[in-house]
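Asks: Can you keep this structure in mind? I'll have questions shortly.
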Amino acid sequence: MITASRLHALRHWPLPTCLLLAGLLLWLQPARELSAALISVTYLALCLHYCWPQRRLSSGQIDELLIAYASQGGQAQQLAERSCAQLRDSGMSARCIALNQLGSAQLATLERLLLVVSTYGDGEAPDNAARFERVLQSLPVLPQLHFAILALGDSSYPQFCAFGQRLQQRLQTLKAQPLFDLLCVDNLDAGTLRHWQQQLGHLSGNSDFVDWQPAHYRPWQLTQRHCLNPGSSGAPIFQLRLSSSEDVEWHAGDIVEIGPRHAQQRVNACLQQLGLDPQQRVADGQLLSDALSQRHLPTTRPDDGDIAQWFATLTPLPHREYSIASCRSSGSLDLLVRLQHQADGSPGLGSGWLCQHADIGGQIDLRIRRNPGFHGPDATTPLILIGSGSGLAGLRAHLQERAANPRSRNWLLFGERHAAHDALLIDELRAWQHSGHLERLDLTYSRDGNPQHYVQDALREAASTLHAWLADGAAIYLCGSLDGMGRDVDACLRQLLGDEPLEALSQNGRYRRDLY
């Protein structure tokens, strides 16, 4: 198969190949015929060389990811170019263009598209995007397209991120598939931009990136950690409990950004290999061994023993994000983290730090990021919570928060592998069910049945109850993995409710998702 990276390399072959041919003609042709031959070959070379990029654009290469920006003041263009650079650094074939360069013919064959768009004036498209919006209105369907949108705006204006929201709605109407949910950035909020980077990392399969703007972490203490699914055939899930000496506010649905560290054993091995003293101090007064635990580990020694200059060239480790699994009134901040492993078998950077390497009683660098798109409705609104695996974290926080109001109606549909080993927090869930706080609890364990039974199957079987709850004004909250569960539940809801009614629920804030 001819991949986009091979095509990128091939774009440079026409000119040298034709010049080589011209040299051959010089050797073969008589002098009086040489001039015409060289002119023809050179003309052919220039045509192929300079037309090749446009040919690639119009053909919509399926292995290439396209990033298009709509920018009035240059901010969206800058973020699009930085996104493109991050994906290329991860080994992906990516290209960045202005949104108006995309036409209907290209969109009809394009498979992956990221949009970074500003909103201008009273909810209008920037000047270099108005044509694209008209193009979208003229198209019938785009079922082959997978897309994601980063929308820039200012929430002090009534039409906050309106252009990005219109594009999201129109593309979904055209049957295009979201790679992940729309991200709206308020005044270039650094936390939301880091979340965009995290999504790019998931997309490329390479989470080893450099944060554009590092988080300002606060020190928290890890007070408890235990495995929720010992003996599971899947990866272990740990419940972690953290505390802070400060009075910190958060709401159910919010996210934590964690500053991970390398295991001290790995840092010590690196220092030993480079022949460096771990007790040396770097510019900020930290011990070298402590400071290196938060950086990409070096492979070369400092020149001339200049530790400070050498250390300044080392990039910080990227942040990791997790849904908060408790409400503030519970007295602690809980996380549910599944231990991930990389291709070489080593633990993931963030999950390895939290689940294996961080000491109980030790410090965790943490920042809370507000996530209003997943904040809960008022307590009188019935709430349907759907998730699987570690996605229980965000759902549990909502159930805890709503427990203070005995009038709240709550229904949880949750899926995992085996009832014997993967019944996460089952005593807590059963207690809520028996007290009436959980009006309905549907637990599905996919590996216990034949055929396998998933959370979307339980939802489909409860279709009449779903319609009744929605008729009573219920909201649907979905939390967990986008691939698999997230897409399957969304498809099930579209089948049961229809595309337009589900999109109307989303527009009204009654269908919200926290998928990763």
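Read-outs throughout are calculated quantities, based only on the coordinates presented, and are distinct from any laboratory measurement. Predicted model, so just to flag it, every value in this text is computed and none were measured. No Cβ is skipped: glycine too gets one built from the backbone with ideal geometry, and neighbour counts run over all protein chains shown.
Asks: Per DSSP helix of 4 or more residues, -39500 (n - 2.57); summed, then divided by the residues of the chain. What does that give at 222 nm, rounded to the nearest 500? Each step should come with its number before you reach the end.
Replies: Details: 19 runs with 195 residues, N = 516.
Taken over the chain, the calculation gives -11000 deg cm²/dmol.
Asks: Using the alpha carbon gyration tensor of the chain, what are the three equivalent-ellipsoid semi-axes (square root of 5 times each eigenvalue), largest first, in whole Å?
Replies: Numbers: eigenvalues 405, 224, 94 Å².
For the chain, the semi-axes come out at 45, 33, 22 Å.
Asks: Here is a follow-up. How long are the semi-axes of the ellipsoid equivalent to the stretch 65-204, from square roots of 5 times the Cα gyration tensor eigenvalues, in whole Å, largest first?
Replies: 20, 19, 13
Asks: Additional query: Which of the peptides 165-173, 219-227 is most tightly packed, and how do the rest follow, going by the mean number of other Cβ atoms within 10 Å of each residue? Provide the component values of the computation, followed by the final result.
Replies: Numbers: 165-173: 19.0, 219-227: 15.2.
Per-residue mean Cβ counts within 10 Å order the peptides as 165-173, 219-227.
Asks: Report for the chain the percent antiparallel among DSSP-assigned beta bridges with both residues inside it, nearest 5.
Replies: Looking only at bridges with both residues in the chain, the antiparallel portion is about 40 percent.
Asks: Can you compute the FRET efficiency between Gln309 and Ser329 using 1/(1 + (r/R0)^6), with r the Cβ-Cβ distance and R0 = 56 Å? Round to the nearest 0.05. Working shown, then result.
Replies: Values: r = 49 Å, r/R0 = 0.87.
For Gln309 and Ser329, the calculated efficiency is 0.70.
Asks: In Å, the Kirkwood hydrodynamic radius of the stretch 373-515 over pairs of distinct alpha carbons? Could you put the intermediate results ahead of the total?
Replies: Values: mean 1/r = 0.0660 Å⁻¹.
Here the Kirkwood hydrodynamic radius works out to 15.2 Å.
Asks: Next up: Suppose every K and R has +1 on its Cβ and every D and E has -1 on its Cβ; what is the size of the dipole of the stretch 373-515 about the Cα centre, in Debye to the nearest 20? Each step should come with its number before you reach the end.
Replies: Details: 14 positive and 19 negative charges, 46 e Å.
Rounded to the nearest 20 debye, it is 220 debye.
Asks: Okay, next question. Could you work out how far apart the two model spin labels at His226 and Gln452 are, taking each label as a point 7 Å from the Cα in the direction of the beta carbon, and quote it in nm?
Replies: 3.0 nm
Asks: Rank by packing, highest mean first: peptides 110-116, 421-427, with packing defined as the count of other Cβ atoms within 10 Å averaged across residues. Don't jump to the answer; show the numbers that get you there.
Replies: Working: 110-116: 23.4, 421-427: 17.0.
Peptide ranking by packing, descending: 110-116, 421-427.
Asks: Moving to a separate point now. Using Cα atoms only, what is the angle between the long axis of helix 392-402 and the major principal axis of the chain, expressed in degrees (0 to 90) to the nearest 10?
Replies: So the inclination is approximately 50 degrees.
Asks: Output the 0 to 90 degree angle, nearest 10, between the alpha-carbon long axis of helix 162-173 and the longest principal axis computed from the alpha carbons of the chain.
Replies: Roughly 90 degrees, rounded to the nearest 10.
Asks: Determine, for each peptide in 304-314, 240-250, the mean count of other beta carbons within 10 angstrom over its residues, then list the peptides with the highest first.
Replies: On the way: 304-314: 12.5, 240-250: 14.1.
Final packing ranking: 240-250, 304-314.
Asks: Working from Cα positions, state the angle (0 to 90°, nearest 10) between the long axis of helix 190-204 and the longest principal axis of the chain.
Replies: Its long axis makes an angle of about 70 degrees.
Asks: Same structure, new question: Counting pairs of alpha carbon atoms under 8 Å apart in space and at least six apart in sequence, what relative contact order in percent does the chain give?
Replies: Once divided by the residue count of the chain, the mean separation gives 11 percent.
Asks: Arranged by the count of other C-beta atoms within 10 angstrom, fewest first, what order do His195, His146, His202 take?
Replies: Numbers: His195 22, His146 17, His202 14.
Going from least to most buried by this count: His202, His146, His195.
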